[in-house]
Amino acid sequence: MDDQHDTGLAAPFEPDKTSAGGMRNADAPTPSVYPPPESMRPTLVGRHYMVCAGHPIVAQIMANVLEAGGTAIDAGVAGGFACTVIQPDMCNLGGIAPVVVRQAGQGALWTTAGVGVWGEQTDLDAFRARWGDDIPLGPATGIVPGAPDALLGTLARFGTWSFADIVEPLIAYARDGLVLDHRTAIALGIMGRSFAQWDSSRAVYWPKGRAPRIGEVIRQTDLAGTLEAMSAAETGSDRDTRIDNVRAAFYGGPIAEAMVAFNRAHGGTLNRADLDRFRGAFAPAPEVDFDGWRVATSDFGTQGPVMLQALGILRQFDLAAAGHGSADALHLVIEALKLGFADRELHYCDPAFARSDQAALLAAPHLAALADRIEMGSARAFDVPPPTDSRPRFDTTYACAVDAAGNAMSVMPSDTLDGSPIVPGIGAMVSCRGVQSRLDPAHVNVLAPGKRPRVTPAPAIALRPSVDGADQVLAFGCPGGDVIVQAMLQGFVNLIAHGMLPQQAVEAARVATFALPNSFFPNPAFPQRVDVENRIDREVRADLAARGHKLHEWPSWEFDAGAVMMAGRIDLGGVDGPVLSAAADPRRTAYAAGR
């Protein structure tokens, strides 16, 4: 980090030397020596590894991999699969899982989409003839599941462990049962308002015919069977063959047959060929420079580059001078994000179907031109249609890992139970991410055969190379639909530009704009709307309102403000240089672990 804010820490706390015994208040009955905590949770530090995930059990599973000799990439793959068992409310084996990965000692940052495609029999006119102007929940929005392909591809190319070793504890959790914590029980109750319409989902996740309660056990025996079948397929003379056979067990044979048959029987259009031919690929991750860091995220088939564009805009301004939490700093963040979302609406889609040069959106001239459009005294207005009725919420989760060697993985598994039914006998759904496509043939993200919908999950990795080999690397991400990249941006800026400790950075109060069309059908937009957590100073909120932002108050620690998670090797200002560190946002069930 630059000298002017390489630690971001306040001056070391020193007791009042004028009071007796170093006490702040000599008349107090307690010593009053220690300062109040800088954050609700501590920033974790260590030497061997750091992990963070959307659930403490997932974080523990990832830590166990590293303790047993695996790398951060092995742990990241384990976390991606573990989320689908431990957090069935937030993601699914048949869902999506965008990945960004960095291999130790390498400058390259790689990404794979982890998102499947619409089937070859998809037809826009036929879809509209059947469903009209609606994109319904359920199998009609089914695309090829992308998560297993991405996670297995990551394991084969960058990992060291076997698939069987990674999923062994997950099979036990699925078959023997998952004891529900308070928050997961609440989530299953809320999402059950939608998934209770499907017998196959209700049988597993509302086994007593009602919302489950804390301490009750959920058994996912069909999912355990699917993971066991995949594990049993891991045979062959070499590692690549063995993992490819695991992949074939999911995308071919009885598992694929059951998923396709169920999808077609309930309004979908997938066929066996769609699953047989699907295979993702790794590509260099799009990136921008920010304050000496290379920040990379998933490709333009996700909303990840919105964060990159916003960072490229914000680097034109002196955020540190503006001050964290000031009206100027928040206005800049809001306006930069709005400009990124405007480009998302016009240009973001499956790169194979792009109608413009997507890479040019991250080029310095374009970002500088966008920065020039920001007016400090007023909020920019966009011409958007009035908001329509909203739909049931969708969400996601996240996991990341970094080890002492410098390996890093960032993965964002998704597809929630309220989106589509569980396939009987398989224990997984067919990804419902078609709900993020559009029906307008003029729109760049219109649904089409063989095309990925442009999705919201977007993991990130930032890298700060060093000439002495002490590279800094940070994996970070967040659940929360269109808030994902907004919360990630603010957490990263808090860390780098405002010099906070990682845990302070993820806990700080946030804002979110909803001025551009939402990613989920029916894509409502709310002109000038900005949601603000009420921990933000009243005078700052009044200043933002005076600039034209239409503020809506979130309570403190708002769930919908996302849950930023970080794990990295970063310079916290110590004399020994960068250390491993992790932070987990308390707004949700996120947890970090390390050693």
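A compact table of results
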read-out	value
Test for ARG355: is it of a type outside the set (Gly, Ala, Ser), in contact (Cβ under 8 Å) with a residue 60 or more places away in the chain and within 23 Å of ALA512 (Cβ to Cβ)	no
ARG587 vs. criteria free of Cβ contacts under 8 Å to residues at least 40 places away in the same chain and either surrounded by 20 or more Cβ atoms within 10 Å (Cβ to Cβ) or polar (S, T, N, Q) (or both)	yes
Selection count where residues are touching a Gly at 6+ places or on another chain (Cβ under 8 Å) and within 10 Å of PRO527 (Cβ to Cβ), scope region 371-390	2
Among the candidates ALA428, ALA381, ALA405, ALA401, residue that is in contact with a helix residue (DSSP H, G or I) (Cβ under 9 Å, 6 or more places away or on another chain), surrounded by fewer than 24 Cβ atoms within 10 Å (Cβ to Cβ) and not polar (S, T, N, Q)	ALA405
Residue check, SER519 buried (at least 23 other Cβ atoms within 10 Å of the Cβ), of a type in the set (Ser, Thr, Tyr), touching a residue at least 40 places away in the same chain (Cβ under 8 Å) and within 28 Å of ARG452 (Cα to Cα)	yes
Conditions (1) crowded, with 24+ Cβ neighbours inside 10 Å; (2) free of Cβ contacts under 8 Å to residues at least 60 places away in the same chain; number of the one not met by GLY79	(2)
Filtered residues of region 27-66 (kept if among the aromatic types (Phe, Trp, Tyr) and modelled with pLDDT of 95 or more)	TYR49
Selection count, region 279-298, where residues are surrounded by 16 or more Cβ atoms within 10 Å (Cβ to Cβ) and within 16 Å of PRO351 (Cβ to Cβ)	8
Filter result for the condition that a residue is under 23 Å from the mean Cα position of the chain (by Cα) and either modelled with pLDDT of 95 or more or aliphatic (A, V, I, L, M) (or both), over MET376, MET409	MET409
Residue satisfying all of: in region 281-297; of a type outside the set (Val, Ile, Thr), outside any loop (DSSP other than H, G, I, E, B) and out of contact with any Phe, Trp or Tyr (no Cβ under 9 Å at 6 or more places or on another chain); nearest to TRP131 (Cα to Cα) among these	GLU287
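Residue by residue, here is whether (1) more than 22 Å from SER437 (Cα to Cα); (2) at pLDDT below 95; (3) in a loop (DSSP other than H, G, I, E, B); (4) out of contact with any Lys or Arg (no Cβ under 7 Å at 6 or more places or on another chain) holds:
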| residue | (1), (2), (3), (4) |
| --- | --- |
| VAL260 | no, no, no, no |
| ALA273 | no, no, no, yes |
| ARG279 | no, no, yes, yes |
| ASP299 | no, no, yes, yes |
| MET307 | no, no, no, yes |
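The values are calculated or read from the model by the stated rules, or taken from the named source; none is laboratory data. Computed from a predicted model, the values in this text were never measured in an experiment. All Cβ positions, glycine included, derive from the backbone under ideal geometry; neighbour counts span all protein chains shown.
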